[in-house]
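To start, the structure itself, in C-alpha cells.
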C-alpha cells in the first residue's frame, strides 16, 4: 500500500486509459442491465434503444434517466439485475415519504464499495496504524457499513461506534486513542462542544475527520477543525449508488475525487436534462459501471454541484466535484427565490454564530415567510438586550444581501435547539404546497 493511495494505478491512471476502461465497462454494463432488468429495458425500448447503440461514453446521453420515483415504482426488486440468491446484503434510505429505496449488493459489490472507502481513508493520511472511529449510523444506513469496510481494507483498528451515546463515544475516543473520526458534520460539531464542556481536548488524539451525509459549509469546516484540532474532509455518496465513497477529498481539500473507474458522472440542466460541460453548475447524474446487483444507469441524484477536470496536486486524475450546493428537489423556493440552507449557514457562521440553527418556512396571508432560529454564543447570550437586537439586525441585512429577500432572525439561548446524533433537521416547511 503506497502512501496516500490505496490503488495508485487506478487512482492516477492517465485520462485516455481511464476513458478506455470506462467505455469497456459501460458497454458491458448496458448489456447486463438490458438483459436482466425488464424495467430498464422497457425504458430503453421506449427511446428506441438497444445495447448496440451504446458504444462508448460519448453515447451515454442517449440512455434514459432513472430517478427516485423509478426506484419507488420498482420496489422492492424491480431493478435487481442478478438473482436474489447472488446477493449478500441490502441497504436502504431513511425515507420520510413513499416507499423506501432498497439497494442490493453482491459480495463483489461490497468489496468494491469497501475499496472506494479505503481510498478515502488513505487520501486523508490514514494507514494501518490509525484508529478509525466510525460514528455514522449502522444498520440500513450506508454510512457506518461503508466506512467500517473501508477501514478494514486499510487495516486500521476500527471502532464501530454507530451514532449517538456521546459519553461512550468520548470514552472510546480517549481510551483507545482514535485518530480518524467518521460521522456527520453536525455530530462532529456536537462532539467538539462536548469535548470542550468536559475539558478533555488535551486527551484527544484525532488528526483527521471524514464527514458527509448532510450539507455543510467551508465556515463549518473551519469551526470543526478548530474545535477538534483536526483537518476535516468531505466524503460523498448515496445509497442508490453504493453509499459513501462515491467521491472523497484528498489532503488538498479542493473538491472530491469521483471514483470514475466505478461511476461515470455527468452534470445536467435540471430543467431540460441537457448535458452541461465541466465548470458549469447543474444536477449531478451517475452511471454505475462495475456494480452487479443494482447497477443504476444515468441516475439523477438531485444534488447541485460543479465538476472539474483540472489537475490536482495530489496526483489523482479522477474528476473532482464541488461539495453539493443544494438539491434540485428540496431546494426551498421562497417568494419565488431559490434558497439553499447552505447559503444561510454560511452567513450565520460568517457572523460568528454556531452551526446550530433551524429554518422555518411558512405561508401567512398567502405570502411566504422565512425565519431563522440560531443559537447565540455564550458571550452574546450574556450581553445586553440591545446588543442582541443589533446582532439580529446585522444578520437580517447579511441574509438579505445573500438571498435577495427578507428573512426573520431570532437569536435563541445556547443549547436550546435540539441536537442531532444523526442527520440534523435544518428545515421545517409548514406551507401546504
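Values quoted throughout were computed directly from the atomic coordinates according to the rules given, and no laboratory measurement underlies them. Worth saying up front: this structure is predicted, and the values here are computed from it rather than measured. Positions of Cβ are backbone-derived with ideal geometry, glycine not excepted, and every protein chain shown enters the neighbour counts.
Please determine, in degrees from 0 to 90 and to the nearest 10, the orientation of helix 107-123 with respect to the longest principal axis defined by the Cα atoms of the chain, where the helix direction is its Cα long axis.
Its long axis makes an angle of about 50 degrees.
Show me 232-241, 368-377, 422-431 ranked by packing, highest mean number of other Cβ atoms within 10 Å first.
Ranked from most to least packed, the peptides come out as 232-241, 368-377, 422-431.
Angle check, please: helix 166-175 long axis (alpha carbons) against the longest principal axis of the chain (alpha carbons), in degrees 0 to 90, nearest 10.
In the chain, helix 166-175 runs at an angle near 80 degrees to the longest axis.
Please list, short to long, the whole-number percent of alpha-carbon pairs of the chain in consecutive 20 angstrom bins beginning at zero.
With 20 Å bins starting at 0, P(r) equals 25, 56, 19, 1.
Arrange 113, 216 by Cβ neighbour counts within 10 Å, fewest through most, would you?
In increasing order of surrounding Cβ atoms, one gets 216, 113.
Counting other beta carbons within 10 Å of each Cβ, put 262, 410 in order, fewest first.
Listing 262, 410 from fewest to most nearby Cβ atoms yields 410, 262.
Report, in degrees rounded to the nearest 10, the 0 to 90 angle that the Cα long axis of helix 185-198 makes with the longest principal axis of the chain.
40 degrees
Given the range 144-235, report the % of alpha carbon pairs whose separation exceeds 24 Å.
Across the range 144-235, Cα pairs with separations above 24 Å total 13 percent.
At 1.567 mPa s and 4 °C, plugging the Kirkwood radius over alpha-carbon pairs of the range 316-361 into Stokes-Einstein gives what diffusion coefficient in µm²/s?
102 µm²/s
For the range 171-219 and the range 1-49, what is the centre-to-centre distance using only Cα atoms, to the nearest Å?
36 Å
Do the sum for the chain: with -39,500 (n - 2.57) for every DSSP H run of n ≥ 4, divided by all residues, what is the mean residue ellipticity at 222 nm, to the nearest 500 deg cm²/dmol?
-10000 deg cm²/dmol
Could you give me the percent of Cα pairs per 10 Å distance bin for the range 332-429, shortest bin first, beginning at zero and ending with the bin that holds the maximum distance?
Result returned by the calculation: 15, 50, 30, 5.
What is the distance in Å between the Cα centroid of the range 370-393 and that of the range 228-251?
Cα centres, the range 370-393 to the range 228-251: 34 Å.
With every atom except the alpha carbons ignored, what do you get for Rg and Dmax of the range 372-433, in angstroms?
Every Cα atom of the range 372-433 included, Rg and Dmax give 13.6, 40 Å.
By counting other Cβ atoms within 10 Å of each Cβ, how are 292, 45, 225 ranked from fewest to most?
Sorted ascending by nearby Cβ count, the order is 45, 225, 292.
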